[in-house]
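To start, the structure itself, in structure tokens.
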Amino acid sequence: MQRSDQRESERSAENILSDLDLGEDESSPPTQSSGGKTGRFDGLFSARTFLLALVLSIGGLVVGGAIPIVGFIGRFVGIAAAGFLLGLVSSKRRYVEIGLAGAIAAGLAFVLSTLASVFAPFAVQLLADYGLAIAGVGALSGGLAGLVGHYFGRDLRDGLTRDV
């Protein structure tokens, strides 16, 4: 009796895992991992895409921050635009790379803007006390901006490429 229950739970777990799409291309055959089994998480993170996303996010942050009236909010619009662009041109889902790149770019920008906007001795003390919170707020908002942009870029791409 226990064996049949165990087999049922194993089957249901396999069904759930097979229903998940983790960014793999369905047309390509599954790759072999070092353990000899099908690598389910192969292709989940692409370093090349991450570096491209980071460069685009930093570029979008700088360009968006250079707009005089909306400088602070423009930074996040620039990060979202970078995510949107990558979502529009990429055939795979790259939420991990885009979110991480947006988080790193915005987190560093928050810390550096704190250093630049406050007198140096006070900035060092401020960052010593609240640096993690400042970077965390920047990283969270930048990551969300990148993810939202990527989502809408993928949505537009899906709408443009879908048969009518």
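Got a number for residues in the stretch 106-164 being of a type in the set (A, V, I, L, M, F, W, C) and under 23 Å from the mean Cα position of the chain (by Cα)?
Count: 20.
Residues 148, 164, 118, 137: which one is of a type in the set (A, V, I, L, M, F, W, C), within 24 Å of residue 88 (Cβ to Cβ) and in contact with a helix residue (DSSP H, G or I) (Cβ under 7 Å, 6 or more places away or on another chain)?
148
Just checking, does the stretch 72-85 include any residue being open to solvent by 80 Å² or more (accessible area, probe 1.4 Å), touching a helix residue (DSSP H, G or I) at 6+ places or on another chain (Cβ under 8 Å), among the aromatic types (Phe, Trp, Tyr) and at pLDDT below 95?
For the stretch 72-85, residues open to solvent by 80 Å² or more (accessible area, probe 1.4 Å), touching a helix residue (DSSP H, G or I) at 6+ places or on another chain (Cβ under 8 Å), among the aromatic types (Phe, Trp, Tyr) and at pLDDT below 95: present.
Would you be able to say whether some residue in the stretch 144-162 is modelled with pLDDT under 85 and either buried (at least 16 other Cβ atoms within 10 Å of the Cβ) or in a helix (DSSP H, G or I) (or both)?
no
The values are calculated or read from the model by the stated rules, or taken from the named source; none is laboratory data. Since the structure is predicted, the reported quantities are computational estimates derived from the model, not experimental observations. Note that each Cβ is placed from the backbone with ideal geometry, even for glycine, and that neighbours are counted across all protein chains shown. Accessible surface areas use protein heavy atoms only, side chains included; no ligands, DNA or RNA. Shrake-Rupley method; radii C 1.70, N 1.55, O 1.52, S 1.80 Å.
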